[in-house]
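Worksheet: one structure, shown below.
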Amino acid sequence: MGGISSIMNIAAGALQANQIEMEVVSNNIANVNTPGYTRQSAVLESNSPISINQLKLGTGVQVESVTQASDPYTTQAIQQNTSSLNEYQTEASALSQVESLFNETGSGTLGDAMNNFWNAWQDVANNPSGTTERSALLENAQILTQKFNSMSNDLTQTKEDMNTNIQMGVEQVNELTGQIAALNGQIVAAEADNTPANDLRDQRNSLLQQLSSWVGNVSVEQENGSVTVMTQGGLLLVDGNKNYEFSTQGDMIYYNNVQNDVSNNLTGGQIGGWLNIRDEVVPQYQSNLDELAGTLIRQVNALHSTGYTPSGQTDKDFFDTSQVPASGDNTGAAGYIQLSTDVLDDPANIAAGTIPPAAPGDSSPPGDNENALKIAALQTDDSIQIQKWTISNPGGTPSSSVETTSMDDYYQSLVGDIGITTEAANDNQSFAQSTLNNLQDVQDSVSGVNLDEEMTELLQIQQAYEANSKMITIADDMLQSLLQVQ
């Protein structure tokens with residue numbers, strides 16, 4: 001039906017569409033600073049025309065839908081890079097703690113303790129019968145063993161700290177996947193009539209990005225609007241409105257209440273970073289520190305046990321051997337290294353000489369310092385063979401190679417290795433941050449709210465609203481004029 005009433009209906013429908021447009025723009029402006037908000041737009045659609053006297057006449061406009069200005073590919077890339085960035089940030093932070101244990105820039109370091117230990121042997125060699133020099137040697141040896149013990153304990157504590165962090169991270173993942181599953185159910189129900197649930201989708205995207213900060217994952221949207229979420233290792237986290245949880249026990253991470261460790265299947269995010277530190281970095285440096293301590297025990301004892309004390313005794317160990325396996329395995333040596341009961345608190349039992357005294361009870365011949373000199377020379381002896389351990393990935397089989405070097409050089413290589421590893425983690429973090437910043441700029445250009453653009457659109461809607469209001473006024477005047485004619 002055409003005529004004046006049709007004009008009024010078209011204008012009234014347009015006013016309603018303008019009001020909806022204004023509500024959408026108002027919502028955009030209100031959420032300009034809301035994290036994770038995606039700009040929305042009202043999509044206008046012409047009403048179906050009517051036929052009058054063989055003419056097709058339009059019947060106005062309606063809001064067909066309210067859509068989001070989203071780029072799913074950029075959103076997915078942001079989630080993946082969020083995972084990488086948080087993994088590198090976590091590694092860099094934890095590595096800085098490990099690096100501080102091997103930091104040789106200050107005083108009281110293991111390098112200082114080793115140097116003082118070798119110097120003390122040289123002092124004994126210079127005065128083999130001197131009680132002061134012998135007491136100083138034992139004191140410096142005690143400091144050295146305590147430094148080894150302390151560093152070993154600190155590395156063990158670092159591993160325990162990683163386990164505590166992982167447990168907390170697992171709890172966060174379980175909570176997030178539960179919320180995502182619940183939103184899946186709400187979105188499916190809300191979109192059953194083909195109306196996009198934009199705000200619910202924003203909430204879910206925000207949760208997915210938070211999940212990526214904890215563990216690497218891949219999300220795939222299904223036809224019904226729900227998302228399926230899996231870890232990068234293929235473990236299902238969310239399927240429709242159901243989520244699958246993790247649990248922890250010691251070093252183990254269990255999946256879906258099955259007591260089978262899945263730690264090696266979790267990569268990316270903070271959990272991936274903590275697992276790398278716990279299962280790769282700490283074991284590697286712990287193993288190499290043990291190799292250094294074990295080699296020190298064996299090398300010093302091998303010489304000391306063949307030497308003679310001033311009273312003519314021999315076959316005395318300098319370091320305790322009660323926990324040293326005969327197989328040559330040095331596992332745990334940094335933790336158990338200590339002075340033997342032969343020399344502990346008894347400087348007279350230090351075997352500085354290689355020549356037995358002339359008779360029982362006599363002192364060593366003057367100048368017999370050969371054994372002390374041999375032990376002091378171990379500092380720069382570059383013919384010593386030491387195992388160097390490498391763990392290339394969490395859960396991987398440790399590999400080792402034999403290095404022929406001095407104990408000092410071996411330790412300096414460890415210090416250099418941790419510095420290189422920390423620098424690499426910092427570089428990876430910087431690159432990931434730069435990449436993420438670029439992706440977020442792309443997303444903001446598509447999905448972000450630009451106040452200038454919103455204000456321009458607001459003015460256009462206002463003008464359209466005023467024009468349609470004027471149209472109703474004109475149509476009413478036309479109607480009144482027609483009534484007066486009749």
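If you average the alpha carbon positions of region 376-391 and of region 31-63, how far apart do those two centres end up, in angstrom?
79 Å
In what order do M471, M162, M114, M478 fall by count of nearby beta-carbon atoms within 10 Å, going from fewest to most?
Ranking M471, M162, M114, M478 by Cβ neighbours within 10 Å, fewest first, gives M478, M471, M114, M162.
Explain nothing, just the number: dipole magnitude of the chain about its Cα centre with +1 on each Lys and Arg Cβ and -1 on each Asp and Glu Cβ, in debye rounded to the nearest 20.
Magnitude of the dipole: close to 900 debye.
Considering the options G36, Q97, S83, tell which one lies farthest towards the positive end of the dipole of region 1-138, charges being +1 on Lys and Arg and -1 on Asp and Glu at the Cβ, about the Cα centre.
The Cα lying farthest towards the positive end belongs to G36.
What is the distance in Å between the Cα centroid of region 200-242 and that of region 444-477?
38 Å
Could you work out the relative contact order of the chain, using alpha carbon pairs under 8 angstrom and six or more residues apart, expressed as a whole percent?
The normalised contact order for the chain reaches 22 percent.
As I understand it, the value is the acute angle between the Cα axis of helix 282-304 and the longest principal axis of the Cα atoms of the chain; what does it come to in degrees, rounded to 10?
Helix 282-304 sits at roughly 0 degrees to that axis.
When a/c is below 1.5 the answer is rounded, else prolate if a/b is larger than b/c, else oblate, so apply that to region 206-278 with a ≥ b ≥ c taken from the square roots of the Cα gyration tensor eigenvalues.
It is oblate, given that a/c is not under 1.5 and a/b is not larger than b/c.
Treat each spin label as a single point 7 Å out from the Cα along the C-beta direction, and report the S65 to E104 distance in nm.
6.5 nm
With axes computed from alpha carbons, what is the tilt in degrees of helix 451-485 against the longest principal axis of the chain, rounded to the nearest 10 within 0 to 90?
10 degrees
How do V229, V188 rank when sorted from fewest to most other Cβ atoms within 10 Å of their own Cβ?
Arranged by neighbour count, lowest to highest, V229, V188 become V188, V229.
Calculate the FRET efficiency for D477 and D199 from the Cβ-Cβ distance with a Förster distance of 35 Å, rounded to the nearest 0.05.
0.25
Go through 401-407, 177-183, 323-329, 234-240 and give me the packing order, highest mean Cβ count within 10 Å leading.
177-183, 234-240, 401-407, 323-329
What is the calculated FRET efficiency for T132 to A377, with r their C-beta to C-beta distance and R₀ = 35 Å, to the nearest 0.05?
It comes to 0.95.
Out of these labelled values of P(r) over Cα pairs in 20 Å bins from 0, in percent, (1) 22, 37, 20, 17, 4, 0; (2) 19, 35, 31, 14, 1; (3) 18, 31, 22, 15, 8, 4, 1, 0, which was calculated from the coordinates shown here?
(3)
Could you check how many percent of all C-alpha pairs in region 112-180 are farther apart than 14 Å?
So the pairs more than 14 Å apart make up 70 percent of the total in region 112-180.
If you fit an axis through the alpha-carbon atoms of helix 4-30 and take the longest principal axis of the Cα set of the chain, what angle between them do you get, 0 to 90°, nearest 10?
Once rounded, the angle reads 20 degrees.
At 0.36 nm per residue, and after removing the present C-alpha to C-alpha distance, how many nm does the segment from A192 to Q323 gain when stretched out fully?
Value of the extension gain: 40.2 nm.
Between N450 and S48, 0.36 nm times their residue separation minus their Cα-Cα distance comes to what?
141.4 nm
Along each of the three principal axes of the Cα atoms of region 380-427, give the extent in whole Å, ordering the values from largest to smallest.
Result, largest extent first: 35, 24, 8 Å.
Work out the FRET efficiency for S400 and E221 from their Cβ-Cβ distance, taking R0 = 45 Å, and round it to the nearest 0.05.
Rounded to the nearest 0.05, the efficiency is 0.45.
If you average the alpha carbon positions of region 122-171 and of region 280-319, how far apart do those two centres end up, in angstrom?
Centre-to-centre distance over Cα atoms comes out at 14 Å.
Can you list the lysines whose alpha carbon is less than 25 Å from that of K56, not counting same-chain residues fewer than 8 positions off?
Excluding near neighbours in sequence, the set is K470.
On a straight-distance basis, which lysines could pair with K374 in a cross-link, Cα separation under 27 angstrom, same-chain partners fewer than 8 positions away excluded?
In chain and number order, the partners are K147, K316, K388.
Evaluate Rg over Rh across region 383-486, taking Cα atoms for both radii and Kirkwood's formula for Rh.
Ratio of gyration radius to Kirkwood radius: 1.70.
Could you give the length gained by full extension between S247 and Q97, i.e. 0.36 nm per residue of separation minus their alpha carbon distance, to one decimal place?
Going from the current span to full extension adds 51.3 nm.
Bear in mind that the values in this text are calculations on the coordinates, not laboratory data. Remember, it's a predicted structure, so these values are computed and weren't measured experimentally. For neighbour counting, all protein chains shown are included, and Cβ atoms are generated from backbone atoms with ideal geometry for every residue, glycine included.
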